[in-house]
1. What's the whole-number percent of alpha carbon pairs in the range 157-235 lying beyond 16 angstrom?
2. Using the 10 angstrom Cβ neighbour count as an exposure proxy, how do Met103, Met215, Met42 rank, fewest first?
3. If you line up the long axis of helix 29-38 against the longest principal axis of the chain, both from Cα atoms, how many degrees apart are they, to the nearest 10?
4. I want to verify the translational diffusion coefficient of the range 15-101 in µm²/s; compute it with Stokes-Einstein, Rh as the Kirkwood radius over Cα pairs, at 4 °C and 1.567 mPa s.
5. Taking the Cα atoms only, what angle lies between the long axis of helix 200-212 and the longest principal axis of the chain, rounded to 10 degrees?
6. What trypsin sites (Lys or Arg not before Pro) does the range 18-83 have in DSSP loop regions with at most 12 other beta carbons within 10 Å?
7. Once the other residues with Cβ under 13 Å from the Cβ of Leu218 are scored (Lys, Arg +1; Asp, Glu -1), what is the net sum?
8. Report the local net charge at Phe132: Lys and Arg +1, Asp and Glu -1, summed over other residues whose C-beta lies under 14 Å from its C-beta.
Amino acid sequence: MTNNKNIPTSCPQCEHKISGNSLFCCLNIDEINEVSDSKRNMLFKKGQTIFNEGNHPHGIYCIHKGKVKIHKLGEEGKDQIVRLAKDNNFIGYRAILGGDTYMASATAIEDTQVCFIPKEAITNLIKSNSSFSFSLLGLLSDDLKRAENKITNMAQKHVRERIAEAILLLKEAYGFKEDGVSIDSSLTRKELANIAGTTTETSIRILSEFQKDKMVELDGKNIKITNLNSLIKTANIFD
C-alpha cells in the first residue's frame, strides 16, 4: 500500500460527490470538509490486502477507483468470496457499526485507489447527521438481502444455475468493457467457482458448456456474454 496523490485532495472535488452518487452527498459543507481533512489517500496494487479478517477496524474505506473482493476463510482453509466492490463503494463499515473485528478480508483484484476515513470521523457523523445514519442502514440492508439470497441459492439452485448467476453478478458489479459484451473483470476461474460455491474444475466444464450453447465466449480470463437472455434463463432469475 502507498499514498496516492491521484485521488482528489478535497472530497468536494471528488467526481462521485459531484455526480450526486456518494454516501457523503447528505453532508453539509462543514461536515464534508471535516471528512476531507481527516482522510488518507491510498493505492493498493493488484493482490494486496486492504484489511484482514479478525483485525480491529480503525476506519472505513471508500473506493475511488478500482475493484475489490470481500472474502472469508472457511473450513479447511477454503477462501469464499462473499461480495464484490467497485468505484464509489464503501467497505469495512459493518465492523465499525458493530464494534467488532472484521468478519472478512478485502483484497484488491486490480490496482485500486481508496480513501481511508478514520473511525472517529465516521462515528461523529453517525451521531450528528441522521441522513448519513439512514444511508449506512440502507447499505447494511442491501448487504443482508444479498447474503440471504446467496444462502437460498446455495441451498436450492443447481451448480449450472449458480455459475450463470455468478457471471451475471460480475456483469452487474463491474459492467462491460468498451466492446459492450466483455465483462470488465479479471477474476480467475477459481474465483468465479468460489463465488458460485463449486470447484474450479466444475466451473471450467460448465463455462465450456455455456460456450457451446453460445451464451458466452471465452478468451483466457475474459468472458464475453453473447446471449444475455439465455444466461438469465439458465440462472433461473426472475424480476
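Rule-based calculations on the coordinates, nothing more; no lab input. Predicted model only: the values in this text are computed from it and were never measured. Every residue, glycine among them, receives a Cβ derived from its backbone with ideal geometry; neighbour counts consider all protein chains shown.
1. Looking at the range 157-235, the distances longer than 16 Å represent 41 percent of pairs.
2. Details: Met103 13, Met215 22, Met42 19.
Going from sparsest to densest Cβ surroundings: Met103, Met42, Met215.
3. Relative to the chain, helix 29-38 is tipped by roughly 80 degrees.
4. Numbers: Rh = 14.7 Å.
Rounded to a whole number, D works out at 88 µm²/s.
5. In the chain, helix 200-212 runs at an angle near 70 degrees to the longest axis.
6. Values: sites: Lys39, Arg40, Lys45, Lys46, Lys65, Lys67, Lys69, Lys72, Lys78, Arg83; in loops: Lys39, Lys45, Lys46, Lys67, Lys78.
Here the sparse-neighbourhood loop sites are Lys45, Lys78.
7. Values: positive: Arg189, Arg205, Lys212, Lys214, Lys221, Lys224; negative: Glu209, Asp213, Glu217, Asp219.
So the environment of Leu218 carries a net charge of +2.
8. Working: positive: Lys17, Lys127; negative: Asp30, Glu31, Glu34.
Summing Lys and Arg as +1 and Asp and Glu as -1 gives -1.
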